[in-house]
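For reference, the structure discussed in these notes is given below.
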Amino acid sequence: MESFDVVVVGAGPAGSTAARFAAEGGATTLLVDRRPELGHPVQCGEFLPAAHELTDLFADPESIHASFEIPPESVLRSTRTMACIAPTGRRYEFPLDGYTVSRRAFDKLLALRAEGAGAELRHPCGITGVRGTVIDFARGPPVQAKVIVAADGPISTVGRSVGFQVPRRMYRMITATAQGRFPDEIALYFGRLAPGGYAWAIPRADDANVGLGVAHLPRGSTLGGLLDEFAAEQGFGAASERTQWWVPLGPPPESARRGPVLFVGDAANLVMATNGGGIPTAILSGYHAGQVAAEHVRNGLSLDTYDRRWKEHLFAPLARAHRIKWLGDQVVEHDLLLALGMRYIGAGGLDAMMRLKWPGRLGGNA
Ligand SMILES: Cc1cc2nc3c(=O)[nH]c(=O)nc-3n(C[C@H](O)[C@H](O)[C@H](O)COP(=O)(O)OP(=O)(O)OC[C@H]3O[C@@H](n4cnc5c(N)ncnc54)[C@H](O)[C@@H]3O)c2cc1C
């Protein structure tokens, strides 16, 4: 049977980062993805905070510096402001440096970096399950690995086959393209059109990524219908190129390891509950998993080290964001209360929440 030191399942941001650092660490590495075209169709708002903003969320500048390098060719727009818009239309603005990236380019470029480091990339190449250290594919013979990295997203086939069942609250999301020139800000709209979540308009070079995410669908509604209403209200015109997908909003697991399998990114539930972003945590967890996998193969480092490393800087902020989100959900369903709540915590409080911190008026950064 063909064998590798490390097999990474899924070439999204988590998997390509894991494969890159496993290969850089000297492990023979195979990276597989079921998609014919990596990064497509786009199932993402495509917003990324700048690296210096991330160090405020996760106090781990060393790992962020080593792993979080946005390929410049994938950047469509730089933004400096986020605006949270209440159901009443009141705007709360605060500075936040970031980028809109083309996920279609971004995912391919990260996979190219993994290949550049020596990983072998195969796609379309879907897996059907994992038995111990053996990976089964939809087509072709199985492959053996010393370490398996599960980077196959929120509906993780690897997770299902090895019994990695963590509590997840799955949010339904829809994303689309709206034509027109949009201002240099990330606009998040809260209220009845996105129950438990928000709708967004994220500017790209000549158009915008628009969409919404919901905790549940109101009776008789569809995601597409809610998006139509949102687009009509905001005067965006027809929102085309629609795709729907899921985001797993935490909490972070106590352990992201099952035997020889290390879980990363969405497959491990590592999404920031208060802002819905998962790319930074996918990259950071992929970085730690790739490094630990390589050190395990080379020097016999215990795979438990992966849990220790990702938890050191990611666990507390992610768990805190999950608690804040839970509290917010108690009021978020009613537009009037939501508007009052947003007014009470103000722009500073919303800024803090986006940074996974308690709003000052609700107890500060506890
Ligand atoms: C609509 C929407 C908007 C979002 N907006 C943002 C945003 O603006 N900013 C942000 O930071 N986050 C955003 N997120 C979250 C973000 O997209 C994810 O957290 C991030 O993509 C997770 O990366 P990942 O590598 O863990 O998983 P994914 O990016 O989901 O990659 C998983 C990969 O695994 C592959 N795969 C799955 N199953 C198999 C299999 N059986 N065999 C082989 N390959 C397989 C898939 O093809 C895919 O390429 C959004 C999510 C959604 C749904």
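Coordinate-derived values only; no laboratory data. Note that the structure is predicted; figures quoted are calculated from it, not measured. Neighbour counts run over all protein chains shown; Cβ positions are idealised from the backbone, glycine included.
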Charges only on Cβ, +1 for Lys and Arg, -1 for Asp and Glu: so what's the dipole of the chain about the Cα centre, in debye to the nearest 20?
780
Charges at C-beta only: +1 for Lys and Arg, -1 for Asp and Glu. How large is the resulting dipole of region 123-181 about its Cα centre, in Debye rounded to 20?
220
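What FRET efficiency comes out for A205 versus S302 if R0 is 30 angstrom and r is the Cβ-Cβ distance? Round to the nearest 0.05. Present the calculation step by step, with values, prior to reporting the outcome.
Working: r = 46 Å, r/R0 = 1.54.
That gives a FRET efficiency of 0.05.
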Debye intensity ratio I(q)/I(0), log10, the chain, q values 0.07, 0.11 Å⁻¹ (C-alpha model):
-0.29, -0.71
Net charge of neighbours whose Cβ lies under 13 Å from the Cβ of S255, counting Lys and Arg as +1 and Asp and Glu as -1
+2
Loop-only trypsin sites (Lys or Arg not before Pro) in region 64-123, please: DSSP not H, G, I, E or B, and at most 14 other Cβ atoms within 10 Å.
R90
Which one, G118, G300, G159, has the greatest fluctuation when you compute a Gaussian network model over the chain with C-alpha springs under 10 angstrom?
G300
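How much mean residue ellipticity at 222 nm does the chain get from its helices, if each DSSP H run of length 4 or more adds -39500 (n - 2.57) and you divide by all residues, to the nearest 500 deg cm²/dmol? Mind showing how you got there, number by number?
Values: 10 runs with 123 residues, N = 366.
Computed ellipticity for the chain at 222 nm equals -10500 deg cm²/dmol.
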For the pair R343 and D56, how long in nm is the line joining their label points, each one 7 Å along Cα→Cβ?
2.6
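Name the trypsin sites (Lys or Arg not before Pro) in region 135-231 that are in a loop by DSSP and that have at most 11 other C-beta atoms within 10 Å, would you? Write out the running numbers ahead of the final one.
Working: sites: R139, K146, R160, R168, R169, R172, R181, R192, R204, R219; in loops: R139, R168, R169, R181, R192, R204, R219.
Sites meeting the loop and neighbour criteria: R139, R181, R219.
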Count of Lys pairs (Cα-Cα under 26 Å; at least 8 positions apart or interchain) in the chain
5
Taking one equal scatterer on every alpha-carbon of region 19-119, how large is log10 of I(q)/I(0) by Debye at q = 0.22 1/Å?
-1.23
How high is the relative contact order of the chain, in percent, counting Cα pairs under 8 Å that sit 6 or more residues apart?
22
Take region 180-303, compute every pairwise Cα distance, and split them into 10 Å bins from 0; I just need the percent in each bin.
12, 33, 27, 17, 10, 2
Between L327 and R90, with labels modelled 7 Å along Cα→Cβ, what's the label distance in nm to one decimal, could you check?
1.9
